[in-house]
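Engineer: Could you have a look at this structure, given as structure tokens, before my questions?
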Amino acid sequence: MKSIMEIIKKRKSVRTYESKKLSEDDCDKIREYINNKENRIGMFGTEIRLELIFADENESGKGLKIGTYGIIVNPQAYIAGCVDNTLSNMVEFGYVMEKMILFLTDLGLGTCWLGGTFDRKLLNNEISLEEGEIIPSITPVGYPKNKEGIKQKAMRILVKADQRLPWKDLFYLYDFSLPMHKTIEGILNEPLEMVRIGPSASNKQPWRVLISEDKSIYEFYLKRTPNYAANPMGFDLQRIDL
């Protein structure tokens, strides 16, 4: 069993998958995970609904197409998260979805956070939403293909998928005028590095962490990217990143 930090380091966005169905064993493990209520509860007690949808099984019988605009190739399934659209629920949603994605990573499966590059109307044909519920994000699921296509490589470059902001731009000591570096003693270096390399929409990394003078309190703040808060999808995308 890998440590959570090993899994976080291993995780990356996968956009091209093998044309190979998920094994029964992997399907069973996924179902067991999402059916366990404990796995769907956020840090503050909100329950997130998780739905597994196979790409070759849908109402039309023609294979699920949700308009990923060629960005995702050969997905074998999708997992969608459903939750009431409130500000606090977006934070809870991000926690539950990322925890699940790390579980899938540990199984050797590929995933990719999708928030704005799929057609919600098409997906709504497959999932019955309760009043007030939305689908903020989904992930494709499949076995990663070693070689990506030109379009997928271009997407990784466009969103700077392999780049992350340095420590001095994310973490601060005492106040936001004192950027922090790894060399400072008494801080949680490894957990902070896991925060730094985490995924975010368009790789904007909108989180900032302020550490108290005695290094015992770590406060998370949201530094908004212009035009992200008022996105046309009707929910606060960057709260999910937080």
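Just so it is clear, none of the values below were taken in a lab; they were calculated from the coordinates. Model, not experiment: these values are computed from the prediction. Here the Cβ positions follow ideal geometry from the backbone for every residue, glycine too, while neighbour counts run over all protein chains shown.
Engineer: Assuming R0 = 30 Å, what is the FRET efficiency of residue 2 and residue 177, from their Cβ-Cβ distance, to the nearest 0.05? Could you put the intermediate results ahead of the total?
Structural biologist: Numbers: r = 38 Å, r/R0 = 1.28.
The formula returns an efficiency of 0.20 here.
Engineer: If Lys and Arg each add +1 and Asp and Glu each add -1, what is the summed charge of the other residues whose beta carbon sits under 13 Å from the beta carbon of residue 207? Please list the in-between numbers first.
Structural biologist: On the way: positive: 164, 196, 204, 208, 223, 224, 239; negative: 98, 169, 219, 241.
With Lys, Arg at +1 and Asp, Glu at -1, the neighbours total +3.
Engineer: With just the Cα atoms defining each centre, how far is the stretch 209-223 from the stretch 1-23? Give it in Å.
Structural biologist: Centre-to-centre distance over Cα atoms comes out at 31 Å.
Engineer: I want to check the label-to-label distance for residue 215 and residue 227. Put each point 7 Å from Cα in the C-beta direction and report it in nm to one decimal.
Structural biologist: 4.1
Engineer: For residue 5, what charge total do you get from the other residues with a beta carbon under 13 Å from its beta carbon, if Lys and Arg give +1 and Asp and Glu give -1?
Structural biologist: Computed value for this residue: +1.
Engineer: Under the 0.36 nm per residue contour assumption, what length would be gained going from the current alpha-carbon distance of residue 74 and residue 125 to full extension?
Structural biologist: Numbers: separation 51, 0.36 × 51 = 18.36 nm, distance 2.04 nm.
Full extension from residue 74 to residue 125 adds 16.3 nm.
Engineer: Filter the DSSP H helices in the chain by two things, a Kyte-Doolittle mean of at least -1.0 and an axial alpha-carbon span of 20 angstrom or more, and list the hits by number. Don't jump to the answer; show the numbers that get you there.
Structural biologist: Working: long enough: 87-106 (30 Å, 0.72).
Span-like helices here: 87-106.
Engineer: Compare 47, 24, 126 in a GNM of the chain, Cα atoms joined below 10 Å, and give the one with the largest fluctuation.
Structural biologist: 24
Engineer: Report the charge-dipole magnitude of the stretch 4-154 in Debye, nearest 20, computed about the Cα centre from +1 at each Lys and Arg Cβ and -1 at each Asp and Glu Cβ.
Structural biologist: Values: 21 positive and 23 negative charges, 187 e Å.
In debye, rounded to 20, the stretch 4-154 gives about 900.
Engineer: Follow-up question, since we're still on this one. Can you give the convex hull volume of the alpha carbon atoms of the stretch 163-241 per residue, in Å³? Show your work: numbers first, answer last.
Structural biologist: Details: hull volume 7.4 nm³, N = 79.
Output value, Cα hull per residue: 93 Å³.
Engineer: What is the sum of charges, Lys and Arg at +1 and Asp and Glu at -1, for the other residues whose Cβ falls under 15 Å from the Cβ of residue 92? Each step should come with its number before you reach the end.
Structural biologist: Details: positive: 37, 40, 49, 99, 239; negative: 38, 47, 84, 98, 133, 236, 241.
Every neighbour counted, the sum reads -2.
Engineer: For the stretch 68-131, just the Cα atoms, rotate onto the principal axes and tell me the three extents in Å, largest first.
Structural biologist: Its Cα atoms span 33, 26, 18 Å along the three principal axes.
Engineer: Between 125, 39, 74, which gets the highest mean-square fluctuation from a Gaussian network model of the chain, Cα cutoff 10 Å?
Structural biologist: 125
Engineer: Let me ask something else about it. Would you kindly state how much longer the chain becomes between residue 107 and residue 51 on full extension, computed as 0.36 nm times their sequence separation minus their alpha carbon distance, in nm to one decimal?
Structural biologist: Working: separation 56, 0.36 × 56 = 20.16 nm, distance 1.82 nm.
That pair, residue 107 and residue 51, stretches by 18.3 nm at full extension.
Engineer: Taking only the alpha carbons of the chain, what extent do you get along each of the three principal axes, in Å, biggest first?
Structural biologist: 59, 41, 35
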